[in-house]
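The values are calculated or read from the model by the stated rules, or taken from the named source; none is laboratory data. Since the structure is predicted, the reported quantities are computational estimates derived from the model, not experimental observations. For neighbour counting, all protein chains shown are included, and Cβ atoms are generated from backbone atoms with ideal geometry for every residue, glycine included. For accessibility, only protein heavy atoms count, side chains too; no ligands or nucleic acids. Shrake-Rupley method; radii C 1.70, N 1.55, O 1.52, S 1.80 Å.
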Amino acid sequence: MNKNAYIQVALCSTSFCTSAKTAFMLIMKNFARFGTMAVLGNIIRFIGMAFIVTATTVLGYFILVLLHPSASPTFPVLIYASTAYVVAKLYMNVYGLASDTALQCFIAVEEQGIDPSIVPSELRSFVDNKGKKQKAAAGKESSVSPE
């Protein structure tokens with residue numbers, strides 16, 4: 001929860017408690033989106049960590065064998081793997097924070113009616129389409145007269 005509160009502090013420049021409440025309400029309103037993003041994010045983080053650790057360990061092994069063919073590779077490879085795990089964990093945590101921040105920014109633009117012109121052009125079509133659908137739905141509701 002505090003990660004999302006800190007994201008809201010950065011987005012809205014409000015106090016921590018206010019931001020925590022805003023983040024909680026945002027997550028509750030968009031539970032399915034946050035849940036989907038959490039599952040997909042964890043899968044991508046796992047794949048990324050596995051790739052970084054595996055690639056580093058295998059490359060380290062081959063480099064060690066080529067440079068020192070008579071040396072036992074067991075201990076150095078364990079050091080490579082543990083160092084790669086720490087680096088992968090740190091790198092993928094940054095990825096996770098960036099994806100959570102991007103999701104909160106996207107939802108904030110949608111829900112708070114922020115001008116979509118501040119959204120990067122590559123992502124603007126997502127926000128524009130959502131806004132058009134909401135306006136169309138509101139227009140249909142107002143055009144129906146009660147009988």
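Just wondering, is there one or more residues in segment 54-64 that are of a type outside the set (Lys, Arg), farther than 23 Å from residue 78 by Cβ and in a helix (DSSP H, G or I)? For segment 54-64, residues of a type outside the set (Lys, Arg), farther than 23 Å from residue 78 by Cβ and in a helix (DSSP H, G or I): absent.
The single condition among (1) farther than 28 Å from residue 118 by Cβ; (2) of a type in the set (A, V, I, L, M); (3) touching a Ser or Thr at 6+ places or on another chain (Cβ under 6 Å) that residue 71 does not satisfy is (3).
Quick check: anything in segment 44-51 assigned to a helix (DSSP H, G or I) and closer than 18 Å to residue 102 by Cα?
The first filter runs over segment 44-51 and keeps only residues assigned to a helix (DSSP H, G or I), leaving 44-51.
Applying the additional criterion that residues be closer than 18 Å to residue 102 by Cα yields 44-45.
Checking segment 44-51: at least one residue is assigned to a helix (DSSP H, G or I) and closer than 18 Å to residue 102 by Cα.
Can you tell me how many residues within segment 86-103 are aliphatic (A, V, I, L, M) and open to solvent by less than 40 Å² (accessible area, probe 1.4 Å)? Of the residues in that region, 3 qualify.
Identify, from the list 108, 71, 81, the residue that is over 27 Å from residue 127 (Cα atoms) and touching a residue at least 24 places away in the same chain (Cβ under 8 Å). Don't jump to the end; show me each part of the working.
Details: 108 fails: over 27 Å from residue 127 (Cα atoms); 71 fails: touching a residue at least 24 places away in the same chain (Cβ under 8 Å).
Going through 108, 71, 81 in turn, the sole match is 81.
When we screen 34, 16 for residues that are more than 18 Å from residue 98 (Cα to Cα) and aromatic (Phe, Trp, Tyr), the only hit is 16.
Among the residues making up segment 53-85, a single one is surrounded by fewer than 11 Cβ atoms within 10 Å (Cβ to Cβ) and of a type in the set (Val, Ile, Thr): 74. In segment 104-128, the qualifying residues are those that are under 15 Å from residue 22 (Cβ atoms) and acidic (Asp, Glu), and the one that is surrounded by the most Cβ atoms within 10 Å (Cβ to Cβ) is 110.
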